[in-house]
Ligand SMILES: C[S@@+](CC[C@H](N)C(=O)[O-])C[C@H]1O[C@@H](n2cnc3c(N)ncnc32)[C@H](O)[C@@H]1O
């Protein structure tokens, strides 16, 4: 049965509530979550998710995007998975008391069994080799419900100054400070990702999300054929 729907809270209010879930977390985790919110267009990504239904986020980290997705719409059920068990431990702590939000440790490169109304990848594909990115997206499409959506937020490959800024920061996070699991990164052009999804039969749209931001954020959305909302999840058709 669908949860009761009231007026949608604003993205800013959802972001505040989601960050508030980490109140009891160590300072480093709180700082990480605050920086993520400040530097990435997470609200814009969450706004693309379907109302209701079953959503999975692959590579959810501490779970901020998943938490926003769950808090923004109680009629949606959200699962966040990540290979980093420590991050999932903090995510689970944060999710206590949010009934439509769960977290799990993932096997690298696996998409949990669907059907999913949306499969989201937010700044995670670049940590995998290009062939693995393509394979993971193929798996995501296979697990989509009819009308389901693949949401990919990655960094674009232009303009050059934003790419240089992002590369410097990722080198620090991944290779020096080791805040993010991985040892290399592979920024595949969004047009290539869009082409893969099109080749898998999805209707694809690409949108830049970097206006007023120093990072070259880009969103790629791929919609499967069929009527949305038929996964049998809380927002699904009867
Ligand atoms: C930059 S963080 C993004 C976290 C979150 N999506 C967000 O937007 O705040 C990338 C995350 O991807 C995870 N990751 C890396 N490789 C992965 C894989 N093969 N499968 C699942 N998660 C992975 C890392 O552990 C890390 O938490």
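In table form, for the structure just shown:
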read-out	value
Region 53-71 residues that are under 12 Å from residue 112 (Cβ atoms) and at pLDDT below 95, paired with ones that are in a strand (DSSP E or B) and within 11 Å of the ligand (Cβ to nearest atom) (beta carbon under 8 Å, 6 or more apart)	none
Count of region 191-220 residues which are buried (at least 17 other Cβ atoms within 10 Å of the Cβ), in contact with a helix residue (DSSP H, G or I) (Cβ under 6 Å, 6 or more places away or on another chain) and in contact (Cβ under 8 Å) with a residue 24 or more places away in the chain	7
Filter pass, residue 218 being in a helix (DSSP H, G or I) and closer than 19 Å to residue 38 by Cα	no
Top-ranked residue in region 72-86 [being more than 15 Å from the chain's Cα centre (by Cα) and without any contact (Cβ under 8 Å) to a residue 40 or more places away in the chain; ranked as farthest from residue 27 (Cα to Cα)]	85
Among (1) within 13 Å of the ligand (Cβ to nearest atom); (2) closer than 15 Å to residue 150 by Cα, the one test that residue 50 misses	(1)
Residue list for region 199-224, filter: over 30 Å from residue 84 (Cβ atoms) and modelled with pLDDT of 95 or more	199, 201, 203, 205
Count of residues meeting criterion [assigned to a helix (DSSP H, G or I) and touching a residue at least 40 places away in the same chain (Cβ under 8 Å)] in region 28-40	3
Residue among 12, 25, 18, 43 that is more than 13 Å from the ligand (Cβ to nearest atom), at pLDDT 95 or above and outside any strand (DSSP E or B)	25
When residues of region 28-40 are limited to those that are within 11 Å of the ligand (Cβ to nearest atom) and more than 16 Å from residue 121 (Cβ to Cβ), the one surrounded by the fewest Cβ atoms within 10 Å (Cβ to Cβ)	35
Qualifying residue in region 155-165 (condition: within 14 Å of the ligand (Cβ to nearest atom), part of a strand (DSSP E or B) and modelled with pLDDT under 95)	yes
Matching residues, region 53-68, being within 19 Å of residue 12 (Cα to Cα) and either more than 14 Å from the ligand (Cβ to nearest atom) or part of a helix (DSSP H, G or I) (or both)	64, 65, 66, 67, 68
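Every residue, every condition in (1) closer than 23 Å to residue 111 by Cα; (2) at pLDDT below 85, yes or no:
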{"position": "170", "(1), (2)": "no, yes"}
{"position": "177", "(1), (2)": "no, yes"}
{"position": "182", "(1), (2)": "yes, yes"}
{"position": "197", "(1), (2)": "yes, no"}
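Here's the yes/no breakdown for (1) under 14 Å from the mean Cα position of the chain (by Cα); (2) surrounded by 14 or more Cβ atoms within 10 Å (Cβ to Cβ); (3) in contact (Cβ under 8 Å) with a residue 60 or more places away in the chain:
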residue: 116; (1), (2), (3): yes, yes, yes
residue: 122; (1), (2), (3): yes, yes, yes
residue: 138; (1), (2), (3): no, yes, yes
residue: 153; (1), (2), (3): yes, yes, yes
residue: 167; (1), (2), (3): no, no, no
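The values are calculated or read from the model by the stated rules, or taken from the named source; none is laboratory data. Please read these numbers as outputs of a predicted model, since none were measured by experiment. Methodologically, a virtual Cβ is constructed for each residue, glycine included, from the backbone with ideal geometry; neighbour enumeration extends over all protein chains shown.
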